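Below you'll find the structure, written out as structure tokens, and then a few comments.
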Amino acid sequence: MAHDRFPIPGGPVLRARGWRQEALLRLLENVLSVGEDPDNLVIYAALGKAARNRAAHDQIVRTLMTMDEDQTLIIQSGKPIGLLKTHVQAPLVIMANCNIVGQWAKPEIFYDLQARGLICWGGLTAGAWQYIGSQGVIQGTYEIFMRIAEKRFGGDLRGRFILTAGLGGMGGSQPLAGRMAGAAILCVDVDPARAAKRQAIGYLDRIAPDLDSALADIDQATATGAALSVGLVGNAADVYPEIARRGIVPDIVTDQTAAHDLIYGYVPQGFTLEAVRALRQSDPARLMAASRASIVVQVRAMLAFQARGAEVFDNGNLIRTQARDGGVANAFDIPIFTEAYLRPLFCRAIGPFRWMALSGDPDDIRKIDDLVLQRFADNRIVTNWIRLARAHVPFEGLPARIAWLGHGARTELALAVNDLVRRGNLAGPIAFSRDHLDAAAMAHPNIMTERMRDGSDAIADWPLLDAMALCASMADLVVVHSGGGGYAGFMTSAGVTLVADGSAAADLRLSLSLTNDTSLGVMRYADAGYPDAIDEAQTKGLAWFDLSAG
Ligand code: NAD
């Protein structure tokens, strides 16, 4: 469902001087076409923007159309600063987004800098033009549900009830992921437009008129083992405690409201959306206090569900951190999803890799699906996912696919795809990217790197090293992002985009960048002492230095 004024790009005609520049231009257009509020350049996560402002956006577009391949565009927090003369194998775009010096990296300072037009937050994939709609996190959410199924429910979520909230840019993947996992999932969102959007794009089966009928639908689905997603328009801080009060205990509970941002993200109990919008300007302090108070109520309900046996986890939105700051001393009894379910995958640099068909032709993705199924036939996680995604995940914007692939596999796939482009077997070039939530790419002590084995949670050297290694590997676009809004001071991450245009130069860029990105990911976890990562480094022959003995 694209916006009329932000059409999905595609087709064979180049507007730029080469496919590399054209690819990045199309990816910028694509994030706007699938973004939550493209008029304001906001793509997802409340404030994550594709460019600083309209003038910055227009200059980026003009530059991508006219720049040569031996130039590098410098972007500072969504604003194009200038072109440098580099060389044809250098990155075309390098970006630094929202990196604020440590003692200053606080939400209030971010909001002030933003109000003065000096900075913007690029989210993880918004400012780097890598967002592909809700599909971007869907496999991650699905894999979390399946890990829980294995751990708690005999490998199967049929007949199980998942309660969650948030149907925004990322949270909108939850109903589809829950249904794909076979569960009955109830998703609460305070904004009827968000629920309607997810239903319109096929991610949400139905929207219930009230809690009673939502719970009746869930009851019926769990009784028959039917997979079902139900949306409910309401405030999670009202709905969660009410479900608990009725003595109902869901099997799995989480939340993906934009709780990280107390002003632009979370909507407190008792406030209309209009009132919240007005308070952002007139009394942000009151809004922050009200949001935190509601989060406290919601997290207390989540803890109550946990005490009664539900599997409860934080899905990466700082809801525990906000609740702890609001006085919930045991908020961190709720585990973070990365540590609880996914770290063994990150130890082998297996993470959310994705590719986009720049031609706009869905057949390109279908052909790559076939290639993945054939090349990675022994990889159960990936083959299962591709079959499911093919059947259930509608395309939004440019046709795209995500699959959790690791060291070696990403490079192998990208080179094979570049070969398909070279032979003319696809309608156009393919862009490769990944989420910033990736092994080498992210330091976030309350999400990605919480409770690291060696205590290195807050060290941000890794994403910086990753970005520098990607520049040295000649990736097409390289970015370093830090948190903005409520995430200010919480994280630093690195992102990368690569263009498979069928050329020999692309072979080199893909091979070096993808191999080095995942090598560093394995080394980061090996350095932290994870046996899986040490095993991966040894079996894959990485040149990792093990200094643990001395
Ligand atoms: P978004 O701003 O697009 O959507 C947030 C949604 O929450 C909106 O639809 C809003 O109406 C709803 N909401 C706000 N307060 C509510 C309340 N009290 N009750 C019910 N609904 C409420 O944000 P998004 O892109 O969907 O991201 C959601 C969160 O997930 C963010 O904190 C984001 O940073 C985080 N995130 C996690 C991952 C991950 O890998 N787990 C990835 C990306 C984003």
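Name the residue, out of Pro38, Pro12, that is free of Cβ contacts under 8 Å to residues at least 60 places away in the same chain and either within 14 Å of the ligand (Cβ to nearest atom) or not polar (S, T, N, Q) (or both). Write out each step before concluding.
Working: Pro12 fails: free of Cβ contacts under 8 Å to residues at least 60 places away in the same chain.
Matching residue, one of Pro38, Pro12: Pro38.
Considering Ala128, Ala115, which residue is within 21 Å of His260 (Cβ to Cβ), of a type outside the set (Ser, Thr, Tyr), away from the ligand (no atom under 12 Å from the Cβ) and not assigned by TED's automatic domain parsing to the domain that holds Gln21? Quick ask: steps written out before the conclusion?
Working: Ala115 fails: not assigned by TED's automatic domain parsing to the domain that holds Gln21.
Unique residue meeting the criteria: Ala128.
Mind checking whether some residue in the range 497-512 is assigned to a helix (DSSP H, G or I), in contact (Cβ under 8 Å) with a residue 12 or more places away in the chain and touching an Asp or Glu at 6+ places or on another chain (Cβ under 6 Å)?
Taking the range 497-512 first, the residues assigned to a helix (DSSP H, G or I) are 504-512.
Then keep just the ones that are in contact (Cβ under 8 Å) with a residue 12 or more places away in the chain; that gives 505-512.
When the remaining residues are screened for being touching an Asp or Glu at 6+ places or on another chain (Cβ under 6 Å), the result is none.
For the range 497-512, residues assigned to a helix (DSSP H, G or I), in contact (Cβ under 8 Å) with a residue 12 or more places away in the chain and touching an Asp or Glu at 6+ places or on another chain (Cβ under 6 Å): absent.
Scan the range 41-64 residue by residue and report those that are more than 15 Å from the ligand (Cβ to nearest atom), open to solvent by less than 20 Å² (accessible area, probe 1.4 Å) and of a type in the set (Val, Ile, Thr).
Passing the criteria: Ile60, Thr63.
Collect the residues in the range 513-550 that are free of Cβ contacts under 8 Å to residues at least 60 places away in the same chain, open to solvent by less than 40 Å² (accessible area, probe 1.4 Å) and not hydrophobic (A, V, I, L, M, F, W, C), keeping them in residue-number order.
Ser513 - this is the single residue of the range 513-550 that is free of Cβ contacts under 8 Å to residues at least 60 places away in the same chain, open to solvent by less than 40 Å² (accessible area, probe 1.4 Å) and not hydrophobic (A, V, I, L, M, F, W, C).
Looking only at the range 185-208, count how many residues are over 19 Å from Leu273 (Cβ atoms), part of a loop (DSSP other than H, G, I, E, B), open to solvent by 10 Å² or more (accessible area, probe 1.4 Å) and not aliphatic (A, V, I, L, M).
2
Consider only pairs whose beta carbons are under 7 Å apart and that are at least six residues apart or on different chains; among these, list those whose first residue lies in the range 98-125 and is more than 16 Å from Lys49 (Cβ to Cβ) and whose second residue is open to solvent by 40 Å² or more (accessible area, probe 1.4 Å) and assigned to a loop (DSSP other than H, G, I, E, B).
Taking only residues 6 or more apart or on different chains, the pairs are Ala105/Gly489; Lys106/Gly489.
Among the residues of the range 146-201, how many are more than 16 Å from the ligand (Cβ to nearest atom) and of a type in the set (D, E, K, R)? Show your work before the answer.
At the first step, the residues of the range 146-201 found to be more than 16 Å from the ligand (Cβ to nearest atom) are 149-161, 179-180, 182-184.
Within this subset, residues satisfying the condition of being of a type in the set (D, E, K, R) are 150-152, 156, 158, 160, 179.
Matching residues across the range 146-201 total 7.
Please pick out the residue among Ala307, Ala289, Ala331, Ala275 that is open to solvent by less than 40 Å² (accessible area, probe 1.4 Å), modelled with pLDDT of 95 or more and more than 22 Å from Thr141 (Cα to Cα). If you could, list the steps in order and put the result at the bottom.
On the way: Ala307 fails: open to solvent by less than 40 Å² (accessible area, probe 1.4 Å); Ala289 fails: open to solvent by less than 40 Å² (accessible area, probe 1.4 Å); Ala331 fails: more than 22 Å from Thr141 (Cα to Cα).
The conditions single out Ala275.
Residue pairs, Cβ under 8 Å, 6 or more apart or interchain, first in the range 476-496 and assigned by TED's automatic domain parsing to the domain that holds Leu92, second acidic (Asp, Glu) and assigned to a helix (DSSP H, G or I). List them.
What qualifies is Ala494/Asp466; Val496/Asp517.
May I ask you to list the residues in the range 431-462 that are more than 20 Å from the chain's Cα centre (by Cα) and either surrounded by 20 or more Cβ atoms within 10 Å (Cβ to Cβ) or of a type in the set (S, T, N, Q) (or both)?
Matches in the range 431-462: Met452, Ser456.
The values are calculated or read from the model by the stated rules, or taken from the named source; none is laboratory data. For clarity, every value in this text was computed on a predicted model and none was experimentally measured. As a convention, Cβ positions derive from the backbone with ideal geometry for all residues, glycine included, and neighbour counts pool all protein chains shown. Surface areas here come from the heavy atoms of the whole protein model, side chains and all, with no ligands, DNA or RNA. Shrake-Rupley method; radii C 1.70, N 1.55, O 1.52, S 1.80 Å.
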